[in-house]
Structures are given as C-alpha cells and as structure tokens.
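In what follows, a structure is listed as structure tokens, so that the remarks can point back to it.
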Amino acid sequence: MDLGHWQCESQIPKDCYGFIYKITNNITDRMYIGKKQMVQRITRPPLKGKKNKRRLLCESDWKTYTGSCRELNKDIEKLGIENFSFIILRLCYNKSQLAYYEVKEQVQRDVLLKDEYYNGMINCRIGKINQDGSKFTST
C-alpha cells in the first residue's frame, strides 16, 4: 500500500478509520502530535426522482497531509518536506478511538508544557462508541 510520505511499522488494514501521528522537524527536533482520518464522508444530492441524499465513504487526502498547525506548515514550506519525518504511531478504527488516542498521546507527552512541540492547544470532544460501531444511547 502506498503511504505517501508516512512511515508505519505495520500494515494498514482496509477497515482503518484514521491514525495518530508524530511529525518531527529533523533540523530542530521539534515535534507535532495529531490525528488524521483516512476516510471521509461525502454527501451528494439525490438522484433524479429520489428524495434521499447519497452518502459515500471515500479516501481522504491523508497521503499528502502535513498537519493542521500553521507554524509547522510554514517550517515545512521553508525547510522542505525532506527535512521532516512523518510517523504513524497508532491506527484507529472509529472516530471516537481517533479522538481519544490523540488526546491521550498529547497529554502523556505534555505537549502544551514543552517548547519542543508545535502543538498550541488540545481540542477534545469524545463520545463513546459500541463495539458494533454505533453510538451509545442514553435510556
């Protein structure tokens, strides 16, 4: 499987939803911890004569993605992508897992307390997911 500029120790299964990653500036050793979805949902208008919208899953731009941090992207543009390493730390299989493990990795590494990280904030909104992939409902 083509991984673009990403490095991963294991094979990426087809049912993978996204991944937690670390981007490292190889010149300054500054890092960025983030998440990226590998699939995206696309909503298209209904077919002629139909009422329901069409919802499709397709691959996102993950192979060329360089993070959401402006400062990091400016450094990549200035220094060149070859001076950065893009490592997949963990594969996730649903949206909830992806959000949870991103926050867990960021907190464990103290990204907001150390100058060696590009991260400027931790954004967190996580909902629990059933084993079958559906959301829990309150009773």
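The values are calculated or read from the model by the stated rules, or taken from the named source; none is laboratory data. Every value quoted in this text rests on a predicted model; they were computed, and no experiment measured them. Backbone-built Cβ (ideal geometry, glycine too); neighbour counts: all protein chains shown.
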Output the residues belonging to segment 49-62 that are free of Cβ contacts under 8 Å to residues at least 40 places away in the same chain and either closer than 22 Å to Asn119 by Cβ or outside any loop (DSSP other than H, G, I, E, B) (or both).
Arg54, Arg55, Leu56, Leu57, Cys58, Glu59, Ser60, Asp61
Among the residues of segment 96-132, which ones are touching a residue at least 40 places away in the same chain (Cβ under 8 Å) and crowded, with 18+ Cβ neighbours inside 10 Å?
Gln97, Leu98, Ala99, Tyr101, Glu102, Glu105, Gln106, Val111, Tyr117, Tyr118, Asn119
If Tyr65 passes every condition in (1) surrounded by 16 or more Cβ atoms within 10 Å (Cβ to Cβ); (2) more than 17 Å from the chain's Cα centre (by Cα); (3) assigned to a loop (DSSP other than H, G, I, E, B) but one, which one does it miss?
(2)
Pick out, from segment 1-46, the strands (runs of 3 or more DSSP E) lying fully within it that include 1 or more residues that are of a type in the set (Phe, Trp, Tyr) and out of contact with any helix residue (DSSP H, G or I) (no Cβ under 6 Å at 6 or more places or on another chain).
18-25
Has segment 77-89 got any residue that is under 20 Å from Cys8 (Cα atoms), modelled with pLDDT of 95 or more, surrounded by 17 or more Cβ atoms within 10 Å (Cβ to Cβ) and charged (D, E, K, R)?
no
Of those in segment 29-48 that are out of contact with any Ser or Thr (no Cβ under 9 Å at 6 or more places or on another chain) and in contact (Cβ under 8 Å) with a residue 40 or more places away in the chain, the residue farthest from Glu116 (Cα to Cα) is Lys35
Considering each residue of segment 8-26, count those that are in contact with a strand residue (DSSP E or B) (Cβ under 9 Å, 6 or more places away or on another chain) and farther than 23 Å from Ala99 by Cβ, and give that number.
2
Residue within segment 106-118 that is modelled with pLDDT under 95, out of contact with any helix residue (DSSP H, G or I) (no Cβ under 9 Å at 6 or more places or on another chain) and either on the phi < 0 side of the Ramachandran plot or part of a loop (DSSP other than H, G, I, E, B) (or both) present
no
Which residues, taken from segment 68-105, are aromatic (Phe, Trp, Tyr), assigned to a helix (DSSP H, G or I) and either at positive phi or in contact with a strand residue (DSSP E or B) (Cβ under 7 Å, 6 or more places away or on another chain) (or both)?
Tyr101
Test: Gly34 is crowded, with 18+ Cβ neighbours inside 10 Å, under 15 Å from the mean Cα position of the chain (by Cα), modelled with pLDDT of 95 or more and closer than 18 Å to Val111 by Cα:
yes
Yes/no for Thr66 being at pLDDT 95 or above and closer than 30 Å to Arg44 by Cα
yes
